[in-house]
Amino acid sequence: MSHDPPPELRVGDLTLSFGGVTALDRVSLTVAPGEIRGLIGPNGAGKTTLFNCVTRLYRPDSGTITFAGHDLLRTRPDRIIRLGIARTFQNLALFPSLSVLDNTLLGAHSRDSSGFTASLLGLPGTRRAHRALAAEAMDILDDLGLADVAHQEAAGLPFGTLKRVELARALAGRPRLLLLDEPAGGLTHAEVDELGELILRLRAERGLGALLVEHHMGLVMGISDRVVAMESGRDIAEGAPEDVRGDERVLAAYLGRTA
Ligand SMILES: Nc1ncnc2c1ncn2[C@@H]1O[C@H](COP(=O)(O)OP(=O)(O)OP(=O)(O)O)[C@@H](O)[C@H]1O
């Protein structure tokens, strides 16, 4: 194996039950380097649970997860971002009383090798390192059209702006794969269009792959290379967006009846 294997995510036969509920039932999928992979399914299908397994919030009962050749199930949760996986949260994971810049810097925390404690002590080397991270965070905010609000508190900013700050925080970890949990939720039509263009641009400019959990079919079908559909913890269809959209099992899952 090479020293720097490609940043491919491979999930194999992942299973996880909560009491009597089988949230994941032998789910398998891959996200190739630079691929935009859609993940759809009705409420409760298990999409967020899958994200939570990849980021090690949950431990699956069985199955495998590897990224860039690393066994994620043997990787400490706080190391996941260092391997190059960053996520956004459906309900936003921002600190309301912190500025947009500081929220973004939290995403770079994993790369701050000098550590926050040393930074609090004000050691000169750590101040320099912090300044470099802040400059990089400002570049990201600029890139996402957020430079004007960098020093404003997150509290009180419009929801569409906060969704972009959430993305900026993820990008500050310099990921190679983004896990996006319903990034279009609550956005206006125009904002959804902008988001789609932004995800495509991030892929073109940074080679970023994405696993995109999304209920907005226009977005997920418009920008995904391939789509996986889930229902009741199972992967029920996989393929090109137009094929998955027309798959009978997928249509039945959304209509709430058995195919
Ligand atoms: N921590 C937990 N404890 C108990 N049950 C859970 C837990 N997390 C998820 N579940 C259950 O697992 C199933 C899958 O939930 P999950 O949130 O992954 O679905 P989803 O596809 O992300 O849905 P949505 O589109 O509504 O976000 C649901 O039945 C849910 O109630």
Gyration tensor on Cα atoms of segment 205-254, a ≥ b ≥ c root eigenvalues, a/c under 1.5 rounded, else prolate if a/b beats b/c, else oblate, says prolate
Contour minus end-to-end for HIS70 and ASP143, with contour as 0.36 nm per residue of separation and end-to-end as the Cα-Cα distance? 23.2 nm
To the nearest 20 debye, what charge dipole does the chain have about its Cα centre, counting +1 at the Cβ of each Lys and Arg and -1 at the Cβ of each Asp and Glu? 920
Mean separation of Cα contacts under 8 Å (at least 6 apart) over the residue count of the chain, i.e. the relative contact order in percent, is 27
Calculate for the chain the 222 nm mean residue ellipticity that helices alone would give, adding -39,500 (n - 2.57) per DSSP H run of length 4 or more and normalising by residue count, nearest 500 deg cm²/dmol. -11000 deg cm²/dmol
Note down the accessible area of GLU194, probe 1.4 Å, to the nearest 10 Å². 110
Charge tally for neighbours of LEU177 with beta carbon under 10 Å away, counting Lys, Arg as +1 and Asp, Glu as -1, is +1
Whose amide H sits under 5 Å from the amide H of SER28, counting only residues 5 or more places off or on another chain, with H placed in the peptide plane? ASP13, LEU14, ASP235
How large is the charge dipole for segment 6-50, taken about the Cα centre, if only the Cβ atoms of Lys, Arg (+1) and Asp, Glu (-1) carry charge, to the nearest 20 debye? 60
Report the label-to-label distance for MET217 and ARG26 in nanometres (one decimal), using points 7 Å from each Cα along the Cα→Cβ vector. 2.9
Got a sec? Charge dipole of the chain, +1 on Cβ for Lys and Arg, -1 for Asp and Glu; which of LEU83, VAL227, ALA204 is way out at the positive end? LEU83
Rounded to the nearest 5, what % of DSSP beta bridges with both residues in the chain are antiparallel? 55
Dipole of segment 129-177, positive direction: furthest Cα of MET138, LEU167, LEU157, with charges on the beta-carbon: LEU167
For segment 165-242, just say rounded, prolate or oblate: build the C-alpha gyration tensor, square-root its eigenvalues into a ≥ b ≥ c, call rounded for a/c under 1.5, and beyond that prolate if a/b exceeds b/c, oblate if not. prolate
Accessible area, probe 1.4 Å, largest first, for residues ASP13, ASP235, ASP148: ASP148, ASP13, ASP235
Please arrange HIS189, HIS70 by accessible surface area, largest first, computed with a 1.4 Å probe and ligands excluded. HIS189, HIS70
With unit charges on the beta carbons (Lys and Arg positive, Asp and Glu negative) and the dipole taken about the Cα centre of the chain, which residue among PRO183, VAL244, HIS216 sits farthest to the positive side? PRO183
In whole Å, what three semi-axes, largest first, describe the equivalent ellipsoid of the chain built from its Cα gyration tensor (square root of 5 times each eigenvalue)? 32, 22, 16
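The values are calculated or read from the model by the stated rules, or taken from the named source; none is laboratory data. Quantities reported herein were computed from a predicted structural model and do not represent experimental measurements. Note: ideal-geometry Cβ built from the backbone for every residue, glycine included; neighbour counts use all protein chains shown. Each accessible area value is taken on the protein alone, full model and side chains, heavy atoms only, with ligands, DNA and RNA left out. Shrake-Rupley method; radii C 1.70, N 1.55, O 1.52, S 1.80 Å.
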